[in-house]
1. Is there a residue being over 20 Å from Trp8 (Cα atoms) and hydrophobic (A, V, I, L, M, F, W, C) anywhere in the stretch 81-101?
2. Evaluate the following for Leu129: is it under 13 Å from the mean Cα position of the chain (by Cα) and surrounded by 15 or more Cβ atoms within 10 Å (Cβ to Cβ)?
3. Please enumerate the residues belonging to the stretch 86-119 that are in a helix (DSSP H, G or I) and either β-branched (Val, Ile, Thr) or surrounded by 14 or more Cβ atoms within 10 Å (Cβ to Cβ) (or both).
4. Identify the residue in the stretch 65-87 that is under 16 Å from the mean Cα position of the chain (by Cα) and hydroxyl-bearing (Ser, Thr, Tyr) and, among all such residues, is farthest from Gln141 (Cα to Cα).
5. Out of the residues in the stretch 89-126 that are of a type in the set (S, T, N, Q) and more than 18 Å from Arg46 (Cα to Cα), which is farthest from the chain's Cα centre (by Cα)?
6. Just to be sure before I move on: is Ala30 among the hydrophobic types (A, V, I, L, M, F, W, C), within 21 Å of Arg136 (Cα to Cα), in contact with a His (Cβ under 8 Å, 6 or more places away or on another chain) and in contact (Cβ under 8 Å) with a residue 40 or more places away in the chain in the structure I sent?
Amino acid sequence: MGLFGPNWWHHHGIKMCVKYKDSKAITVAATAASLHIWLAHPKTGRPWMVEWKVIQSQTEKTEGTVRFSTEELRGAFGISATIPEPTSQWLFHRYDCECGRQGKYIRLRDFLNIPCPGTGHDGDPNISLELTDEIREAVRQLSE
């Protein structure tokens, strides 16, 4: 564990909070990062689009999008128990986490990274969030 969380988690994750929510989407953001989750294809097995953006400087940013099933979304945000996926077991051993899905997320208690672990320093190609009650409740309502 680092000063503010796991070594793979960036401490700016403590600044993240819900900025927007309705019945089909939420946005969690801070000054230099944002996470947008929306219902894209409700009739498929992976209906949720999860898009993140991290601004490292005026000229550099990292962004990406990945699809989540409802089970993956609720597990990532600690709303429901996750079923370990055999191809992701190495994450638990290597990065000391409770749950994760390769290429989607890694979580230890209230510390979440999407889509992967990082160095915990500026410049990582992922987003870190501290899961507050507000964030969890917004995702729970969205995914019901």
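Rule-based calculations on the coordinates, nothing more; no lab input. In this text the structure is predicted, and so the values were computed from the model without any measurement. Positions of Cβ are backbone-derived with ideal geometry, glycine not excepted, and every protein chain shown enters the neighbour counts.
1. yes
2. Taking the combined requirement at face value, the residue satisfies it.
3. Thr87, Ser88, Leu91, Phe92, Tyr95
4. My answer is Thr65.
5. So the residue we want is Gln89.
6. no
To keep it simple, each residue is scored yes or no on (1) touching a residue at least 40 places away in the same chain (Cβ under 8 Å); (2) of a type outside the set (A, V, I, L, M, F, W, C).
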site: Val50; (1), (2): yes, no
site: Ser69; (1), (2): no, yes
site: Glu72; (1), (2): no, yes
site: Thr87; (1), (2): no, yes
site: Tyr95; (1), (2): yes, yes
site: Gly100; (1), (2): no, yes
site: Leu108; (1), (2): yes, no
site: Ile114; (1), (2): yes, no
site: Gly118; (1), (2): yes, yes
